[in-house]
Amino acid sequence: MKSIGIAIIGCGGITLQNHLPGLALCADVRVTALCDTDAATLERARQQTGVTTASTRYEDIVSRDDVDAVIIATPNFTHAPIALAAIRGGKHVLCEKPLALSATDAKAMAAAADAANVRHMTAFTYRFVPAMRYLAHLMKQGAAGQPYHYRSCRLQDWGTRNLGWRQVKKLAGTGELGDMLSHRIDFAHLLVGPMRRLVAQTKVLHALRQGAPSDLEDWVAILAEFQNGASGVLESSKLASGRNESWRSLDYAEVNGSEASFVFITGEWNKLQTGKAGGPGLETIEIPKEFHTWPGSPRDPGAGDPLVTFRYDQAFEFIDAIRNQRPCVPSFHDGARAQTVMDAAVHSSEISQWVNLA
C-alpha cells in the first residue's frame, strides 16, 4: 500500500486538535509538510510533529512531489486560492468551512476538483457525530414520514473578546453565519433537502471587541422554505449570555414529520430523542453501536472523550476516499450548497426581503 503524503496548510488549534489526531489513526499516512503564514505558529507545529519541511508560503508546499493531499485550515479568504493551487498541482483537498467567501468561488473550487479528478472534502465535522449519522440514516429510511419542519439553534456565550480575523469581513466573509450556522445549514440539507427560498436577519451587536473593530454579525436567524414544502427556522448567536461554549452550550436540531419527530443535541453523541405522531411525548433512544464510528474507521469509540474523538473519523473518510478513488462525504459540492444559502442570507438581510434560491 502506497504511503499518502499530507501537507497541513494552517497550523492552528483546529489542525492540532482535529486533523493531526485523525491522520495518526490512518495506516500508511504521513504528514510530509507544514505551512503557516505565522512563523511562530509554524515553528510550534514543527516541534510538535517533528515534520522538517515547513514554509510560510503555500505555493512552496502544493507543488511538492512528496505531497499527495492537502488539508486547508487557514482564514476563510485564503481557502479558494490555496485549494485551486493545490488542485492545479493534482493534490486532493480537505478544506475547512466555510468553503469560500462566495458561492461563485465555492462552485469554481468544486468544478476544478472534479475536472482534475482529485478527491475534495468540506470539513463539516459535525456530520461525524454518531447521533447525527443515525438521524440521517433514519430520515433516509423515511422514519419521520413527510418532513414538516426543521429547526436548529446554536447558542454560545463568547462575550466581547477579540476574535482576530474572524471579526473582519474582508478576511472571514461572514461572522456567526459562516462560523457556526454553516454546519446547521449542512444539517438541513442532509436531513431535509435543498431550500427553495429564505428570509434572514443578521446583527452586529458589538462593533468593538476588546478595542478592535468588528464588522461581522454576532447573531443570525433564517426562516426558510424547502423544496419539499417543509419549513425551516435556524438561529445562531455568539452572545447568548450564560450559555457557555463548545458542547456545554446549546447545539440543537429537530425534524418534525408526519409520522415522528427527532431531536439531536451534539453533546448527547450517543442518543436521540424521538416521538411518534399522536404519542405521549418524546423518549430517548440509544444510538446503535454500528453508528459509533464511520464505516471502516479504525477508531476505538471507547477511547478518549467521545465529544472530541468523533472528529477523527473525518480524516479517515478523506484518506479512505483517496485510497478507493471515490467521492468524499461531504464534498466541495456540499460546501458550495451551504455557501449558496449563506450568500442568500446575507443578501436577504441587506434588502429585508425573501430571496429565492436556484
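Since every read-out is calculated from the coordinates, none of them should be taken as a lab result. Everything numeric here is computed off the predicted structure, so don't read it as measured data. Note: ideal-geometry Cβ built from the backbone for every residue, glycine included; neighbour counts use all protein chains shown.
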Taking the inverse of the average 1/r across all pairs of different Cα atoms in segment 6-89, what Kirkwood radius in Å do you get? 12.6
Which number do you get for Rg(Cα) / (2.2 N^0.38 Å) in segment 139-197? 1.49
Candidates per trypsin sites (Lys or Arg not before Pro) in segment 11-120, loop by DSSP, up to 13 other Cβ within 10 Å: Arg57
Using only the alpha-carbon atoms of segment 236-358 as identical scatterers, what base-10 log of I(q)/I(0) does the Debye formula give at q = 0.12, 0.15, 0.17, 0.20 Å⁻¹? -0.75, -1.10, -1.24, -1.24
Write down the Å³ per residue value for the convex hull defined by the alpha carbon atoms of the chain. 139
Full extension between Arg197 and Leu307 adds, at 0.36 nm per residue less the Cα distance, a length in nm of 36.2 nm
Kirkwood hydrodynamic radius of segment 183-303, from inverse mean 1/r over distinct Cα pairs, in Å: 17.3
Given a cut-off of 19 Å, name the pairs among Lys2/Lys91; Lys107/Lys140; Lys203/Lys238; Lys170/Lys203 whose C-alpha atoms lie farther apart than that in the structure shown. Lys107/Lys140
Quick numbers on segment 50-115, Rg and Dmax over C-alpha atoms in Å, give 11.7, 38
With -39,500 (n - 2.57) per DSSP H segment of 4 or more residues and division by the full residue count of the chain, the 222 nm estimate, nearest 500 deg cm²/dmol, is -8500 deg cm²/dmol
Please compute the net charge surrounding Thr174, taking Lys and Arg as +1 and Asp and Glu as -1 over other residues with Cβ under 13 Å from its Cβ. -1
For segment 233-296, what D do you get in µm² per second when you plug the Kirkwood radius from alpha-carbon pairs into Stokes-Einstein at 25 °C and 0.890 mPa s? 178
Leading residue at positive end of dipole, segment 1-111 (Cβ point charges), from Phe77, Ala108, Thr56: Ala108
Residue span Arg57 to Ser3: 0.36 nm per residue of separation minus Cα-Cα distance leaves a gain in nm of 17.0 nm
Would you give the gap between the C-alpha center of segment 268-331 and the C-alpha center of segment 142-207, rounded to a whole Å? 22
Quick shape summary for segment 292-358, equivalent ellipsoid via Cα gyration tensor, semi-axes whole Å in descending order, reads 35, 17, 7
Using the basic label-point model (7 angstrom from Cα toward the beta carbon), what is the Gln47 to Asp66 distance in nanometres? 2.2
Find the centroid of the Cα atoms in segment 1-45 and in segment 61-84, then give the distance between the two in whole Å. 12
Length-normalised contact order of segment 232-358 in % [C-alpha pairs under 8 Å, at least 6 apart]: 10
Convert each backbone phi in segment 24-37 into a coupling constant with the Karplus relation 6.51 cos²θ - 1.76 cosθ + 1.60 (shift: θ = phi - 60°), then list the ³J(HN,Hα) values in order as whole Hz, x for Gly and Pro. 5, 7, 8, 6, 6, 10, 9, 7, 9, 7, 10, 8, 7, 6
List, largest first, the extents of the alpha carbons of segment 140-249 along their principal axes, each in whole Å. 50, 29, 18
7 Å from Cα along Cα→Cβ at both Ile285 and Gln17: what's the point-to-point distance in nm? 3.1
Taking the Cα centre of the chain as origin, work out the dipole magnitude from +1 charges on Lys and Arg Cβ and -1 charges on Asp and Glu Cβ, in debye rounded to 20. 160
For segment 1-43, take N as its residue count and report Rg(C-alpha) divided by 2.2 N^0.38 Å. 1.20
